[in-house]
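Structure first, then comments.
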Amino acid sequence: MRFLIPMLLCFGLFSCDSGVIFKEKAAINSNGWDYKSPAIFTFTVSDTLQAYDLILKIDHDVEFSSQNFYTQFTTTYPDGKEIKDVVSMELSSNYGQWMGDCDDDNCLIDILLKGSTRFKQSGQHTIKIAQYTREEVLHGIRSLEFQLIKEKG
């Protein structure tokens, strides 16, 4: 009996499928994030019928100077086609409260970039995220983590 509970816990931990297909973290230079240093994430999609959620985790300083910042996303598909989008990354509420989990030094926020997304092409996809603000160097962003998660249905 004393082995039953640990065995059930182990079974529960290993049987859970988080659905994460791809996860990669890009550290941002401590001197700031400049235009010339985009975060680049390359992943392979094999199932074009499956729906996915695209999540970006942003780690930023609690002293970050703005409620949001703009990024330029460039998506490159397996056939070489590129699509560019400018996206605002909202880090705090309209009342100045940081969203996400914060401690004394930093905040970590999950931003849903796209939900229930289906890829029309199988193969290698690349997402390049560049800071797109008025400042040549953006200070206070520590890292970006891109996740591709299989949507449960």
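The values are calculated or read from the model by the stated rules, or taken from the named source; none is laboratory data. These numbers were taken from a predicted model, which means no experiment stands behind them. Virtual Cβ from ideal backbone geometry, glycine too; neighbours counted across all protein chains shown. To get the accessible areas, we keep the full protein, side chains included, count just its heavy atoms, and leave off ligands, DNA and RNA. Shrake-Rupley method; radii C 1.70, N 1.55, O 1.52, S 1.80 Å.
Summary of values
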item	result
Leading residue by the ranking (nearest to the chain's Cα centre (by Cα)) among those in region 58-77 that are open to solvent by 50 Å² or more (accessible area, probe 1.4 Å) and modelled with pLDDT of 95 or more	Tyr70
Odd one out for Ser18 among (1) in contact with a strand residue (DSSP E or B) (Cβ under 7 Å, 6 or more places away or on another chain); (2) at pLDDT below 95; (3) of a type outside the set (A, V, I, L, M)	(1)
Subset of region 115-136 [surrounded by fewer than 14 Cβ atoms within 10 Å (Cβ to Cβ) and closer than 25 Å to Ala27 by Cα]	Gly115, Gln124, Arg134, Glu136
So Ile55, is it of a type in the set (A, V, I, L, M, F, W, C), under 18 Å from Leu112 (Cβ atoms), within 16 Å of the chain's Cα centre (by Cα) and part of a strand (DSSP E or B)	yes
All positions within region 25-52 that are touching a Ser or Thr at 6+ places or on another chain (Cβ under 7 Å), open to solvent by 40 Å² or more (accessible area, probe 1.4 Å) and either in a strand (DSSP E or B) or within 21 Å of Leu112 (Cα to Cα) (or both)	Lys25, Ala27, Ile40, Thr42, Thr48
Answer residue from region 87-102, given it is part of a loop (DSSP other than H, G, I, E, B) and open to solvent by less than 90 Å² (accessible area, probe 1.4 Å) and is farthest from Leu49 (Cα to Cα) among those	Gly96
